[in-house]
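*Asks:* Let me give you the structure first, and then I'll get to my questions.
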Amino acid sequence: MKLTIIIPTYNEEEYLPKLLESIKNQDFKDYEIIVADANSTDKTREIAKMYGCKIVEGGLPAEGRNNGAKKAQGELLLFLDADVVLTEGYLKEAIREFESENLGIAITQMIPLSTRKRDKILHEFANRFMILTESIKPHGAGCCGILTRKKLHDKVGGFDESLDFGEDTDYIERIGRISKFKVLRKPRLLVSIRRLEKEGLKNLAFKYTKSTICDFLGKRLSASELNYTFGHSTKKRKRILYSVCGEGMGHAIRSGVILEELIKDYDVLIFASDRAYKYLKEKFENVHEIYGFNTVYENNEVKDLKTFLKAMKTFPRDLKENLSLLYKMARDFKPDVVISDFEFYASLISNILRIPLISVDNMHVITQCNIEYPKKYKKDKLKAEAVIKSFIIRPKRYIITSYFFPKIKNPEKVVMFPPILRKEIMNLKPYYGDHIFVYQTSKSNIRLLKTLKKINKKFIIYGFDKDKTEDNLYFRKFNEDEFFNDLKSAAAVITNGGFTLISEALYLKKPIYSVPVKGQFEQILNALYLEKLGYGEFHEEADKKSIETFLKKLPMYRKNLEKYEGGDNMALIKELKRTIEELS
């Protein structure tokens, strides 16, 4: 027999059929296929048998390849990963070039299974780098089509099973010392970008760059030194798919704090849209962008029809692309649980793949608690309930953050905790300065600005995305350090009804004048309970008289705020970890 193809596997039911089908369609037929399987729990072994493969016991990649080579009948050995696909004529071209140049070992150039220009450029760069260095030092990573002779494999003792990273490069180097090495020019492999998608470009590029530099300097790195994990590691950490709503910044800020704790104990794959994606990708490596829903505001009011029409315009594309990305990555990542901070598509995926869903947000106080509110907001409440129930579908557990604590309807499924706060907020030393801090969810509330100009007070304003001074109005573009300084020294806060800023202001003992966005029941409810607790005031419209009256009553609100407690993030995080362990 001319060729033995050896494929190490672990739970590869999604990828293996594509590879085996591409082998079956080759015009070269003098081969056998050996699948070295590491106790897969899916249909990998059934698929291998269906295609007539021999099956041997696997393990980590080096062990699996060696076990396959021991049973090999072929004169040549071709080592492939399960997530590659052979191009047309690959086997004939590879063997022809290998034998015509009397090679002892060779590797194959790569084409990414991706339509993105970035991925194509990165893989072509890798191809050129391998060719450039082939005469300096035999080198290759990722086992992208290693072709060698069985007698040489036996002579060097196969792959070094003591190495848990870079065992392929080590193998190529050892055979390259006693024979001729080359990067094959014509045949190419189609390769999956799943690890790039899972870990993120920056993180994966760093790992491979560090590994390559150390390799050229003669130093071997372990998988643990690079924080490189295998799907069948004996020390498998539980896996979480965590997805975040991109509307506003509150969901992202809360999730950022929680994620910092979760990544210490779990492997976490993160998805977010819009502003949440931009915020989280600066803090974490494995953050992936999805499309999200956005509310249309005009003059501090939600425009329901325009919001609906805007959503429907992009929904077919969003649904197709988001589900495709999440489904593919979830099937590969195999999360034990899904956590959603009010993000729709992760909730959908959890139900499609039957993965336990945990909801962590402040929104479900509306649906899971007995709340008090004036009857005139009944329509807004019903609208909010419908949205919330459609966004988060049948979670196993609701973890709600809130600065007010109405009675929970179902204590067996629902638990409540104080708001999650950034450590930067908790580390501030607040005092009462001479300015009023103003924050707006959208740029549409022009009436408020006209009102503030009539009041003899300094207002520092965020939310209009500009640095400018207009009389007593000092506009700031968002800068985290300036934001914290302006908030900690504020005499009081004027804002909409956004949960996160209200929570942070309350922790810093700042009285709040709240003008919720009209039609936004969650903001209305926040403002209602703010006033009920005596921490500030709720107004449907901002006007000169009521703001001036509010400012005169600041001493009373500050005294009420002395009893406010918060800042215990770990209570919620401990409950979340306990729930993860229970559900997984």
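The values are calculated or read from the model by the stated rules, or taken from the named source; none is laboratory data. What you see is a predicted model; the values in this text were computed from it and never measured. Here the Cβ positions follow ideal geometry from the backbone for every residue, glycine too, while neighbour counts run over all protein chains shown. Side chains included, ligands, DNA and RNA excluded: accessible areas come from the protein's heavy atoms. Shrake-Rupley method; radii C 1.70, N 1.55, O 1.52, S 1.80 Å.
*Asks:* Given (1) under 25 Å from Tyr279 (Cβ atoms); (2) open to solvent by less than 60 Å² (accessible area, probe 1.4 Å); (3) among the hydrophobic types (A, V, I, L, M, F, W, C); (4) not in a helix (DSSP H, G or I), where does Ala542 come up short, assuming only one miss?
*Replies:* Condition not satisfied by Ala542: (1).
*Asks:* Return yes or no: is Val84 more than 24 Å from Asp154 (Cα to Cα) and open to solvent by less than 10 Å² (accessible area, probe 1.4 Å)?
*Replies:* Working: more than 24 Å from Asp154 (Cα to Cα): yes; open to solvent by less than 10 Å² (accessible area, probe 1.4 Å): yes.
Yes; evaluated as a whole, the condition is true for this residue.
*Asks:* Among the residues of the stretch 35-46, is any in a helix (DSSP H, G or I), touching a strand residue (DSSP E or B) at 6+ places or on another chain (Cβ under 7 Å) and exposed (fewer than 15 other Cβ atoms within 10 Å of the Cβ)?
*Replies:* Looking for residues that are in a helix (DSSP H, G or I), touching a strand residue (DSSP E or B) at 6+ places or on another chain (Cβ under 7 Å) and exposed (fewer than 15 other Cβ atoms within 10 Å of the Cβ), one finds none in the stretch 35-46, hence no.
*Asks:* Tell me yes or no: at least one residue of the stretch 104-111 is among the small types (Gly, Ala, Ser) and free of Cβ contacts under 8 Å to residues at least 24 places away in the same chain.
*Replies:* No, the stretch 104-111 has no match at all.
*Asks:* If I ask for residues that are over 14 Å from Ala505 (Cα atoms) and not charged (D, E, K, R), which ones from the stretch 405-432 would you list?
*Replies:* Correct list: Phe405, Pro406, Ile408, Asn410, Pro411, Val414, Val415, Met416, Phe417.
*Asks:* Related question: Pairs, please: C-beta under 9 Å, at least 6 apart or cross-chain, first residue on the phi > 0 side of the Ramachandran plot and in the stretch 382-402, second surrounded by 15 or more Cβ atoms within 10 Å (Cβ to Cβ)?
*Replies:* Arg394/Ser347; Arg394/Ser350; Arg394/Leu357
*Asks:* For the stretch 522-539, which positions are open to solvent by less than 20 Å² (accessible area, probe 1.4 Å) and over 37 Å from the mean Cα position of the chain (by Cα)?
*Replies:* Answer for the stretch 522-539, where residues must be open to solvent by less than 20 Å² (accessible area, probe 1.4 Å) and over 37 Å from the mean Cα position of the chain (by Cα): Gly534, Glu537.
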